[in-house]
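A short worksheet on the structure shown next.
The values are calculated or read from the model by the stated rules, or taken from the named source; none is laboratory data. Keep in mind that this is a model prediction, so the values were computed, not measured. For neighbour counting, all protein chains shown are included, and Cβ atoms are generated from backbone atoms with ideal geometry for every residue, glycine included.
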Amino acid sequence: MSQPTSSRSSLAEALSGWPPPVLDPHGPFSNTVTSLTWVLIALVTLIFALVCAALWVALYGSDKLRARLGGEGVVKWFGLIVPAGILFLLLAWGMTLFAGMTAIQGDELRMRVSGNIYWWRVSYLDAAGKEIHADANELHIPVGQPVVIDMVSEDVIHSFWVPKLGGKMDMIPGRTNRLKLQADKAGVYGGQCAEFCGGAHSLMGFVVVAHEPADWQRWREARLARQQPQSAPAPVNDEVLRGRQLFGDMGCAACHRIAGTAAQGVSGPDLTHIGSRQSLGAGILPNNRGTLIGWIGDSQSIKPNNRMPAYRSLQAAELHALAAYMESLK
């Protein structure tokens, strides 16, 4: 299956460049946000100019000029009434624009994303809202198809934001919010938590990978097949075998799930497909052997206060074996 872009694009690359992502839409819902942004900038500039002009007339204008403009009425109209009217019309228009960003039409792909300290639980849903397969910190979507995402939080308030594909939506404990995304071009798009959720908030990112429809269908079929116990891959070499044994001996299965194995933990990210992910540590590192070793050995120095303990007592050979096992999980 072809990759939309480089198979190891990082979140920093996906969010960098000019124009900034919020002004560089790649889908209909992000187009809505960008249009509203430009109109807001234009109207705020107009209001600022009107207020400054009214203030200048009130402070420095001659009596003749103030009389010609209506006396004190110029301040009331251009300092209060006109700006308030513009802001009211902008609010009404914005609410109309965003009404279509949450409504379900019936042809959308359904997903659920749960915010955690400091990572994202991702679930792909069927039409009835039942989970089909799970992932973490990465969303895969087909180009040209709207995606409805149900958003929840498992701890504190987070905010889900993919600037190039859609708007921003808060994730609130005890409440399900909804947002729609759509990509009109294949590629890797960066996302970020946009609500302060703790010390490592700025390190809570993710990526959205948009595939051409045929590629996405093949990707989905491979993911579904991987959920079956008999499809669990056999270790390809002794190092991977050693890593799998260490994974069990160290109790990693208590927190992490790997489909097709006895590891069914749910308090940490799903690792079923970690070897094929674009990034590591919720979008902050490229995914390769070196970063896997660094994350397993001391994730606390990379992302302070995340819920994975540091394993500083592991020897280099053990870290390499665990990283090799993670790389084998495609």
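Below are the figures for this structure:
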| item | result |
| --- | --- |
| Cross-chain or 6+ apart pairs with Cβ under 7 Å, region 191-202 first and closer than 19 Å to residue 164 by Cβ and in contact (Cβ under 8 Å) with a residue 24 or more places away in the chain, then surrounded by fewer than 21 Cβ atoms within 10 Å (Cβ to Cβ) and of a type in the set (Lys, Arg) | 194/168 |
| Residue satisfying all of: in region 214-258; aliphatic (A, V, I, L, M) and either touching a Pro at 6+ places or on another chain (Cβ under 7 Å) or at pLDDT below 90 (or both); nearest to residue 135 (Cα to Cα) among these | 224 |
| Number of positions in region 137-163 that are on the phi < 0 side of the Ramachandran plot, among the small types (Gly, Ala, Ser) and surrounded by fewer than 23 Cβ atoms within 10 Å (Cβ to Cβ) | 1 |
| Qualifying residue in region 21-41 (condition: farther than 17 Å from residue 163 by Cβ, in contact with a helix residue (DSSP H, G or I) (Cβ under 9 Å, 6 or more places away or on another chain) and either modelled with pLDDT under 85 or in a helix (DSSP H, G or I) (or both)) | yes |
| Strands (runs of 3 or more DSSP E) completely within region 98-196 that count 2 or more residues being under 23 Å from residue 213 (Cα atoms) | 109-116, 119-125, 131-136, 138-142, 147-153, 177-181, 187-193 |
| Where a residue in region 6-33 is in the same structural domain as residue 167 (by TED's automatic domain parsing) and of a type in the set (A, V, I, L, M, F, W, C) and its partner, wherever it lies, is in a helix (DSSP H, G or I) and at pLDDT 65 or above, with Cβ under 9 Å and at least six apart | none |
| Count of region 125-136 residues which are buried (at least 20 other Cβ atoms within 10 Å of the Cβ) and not small (Gly, Ala, Ser) | 1 |
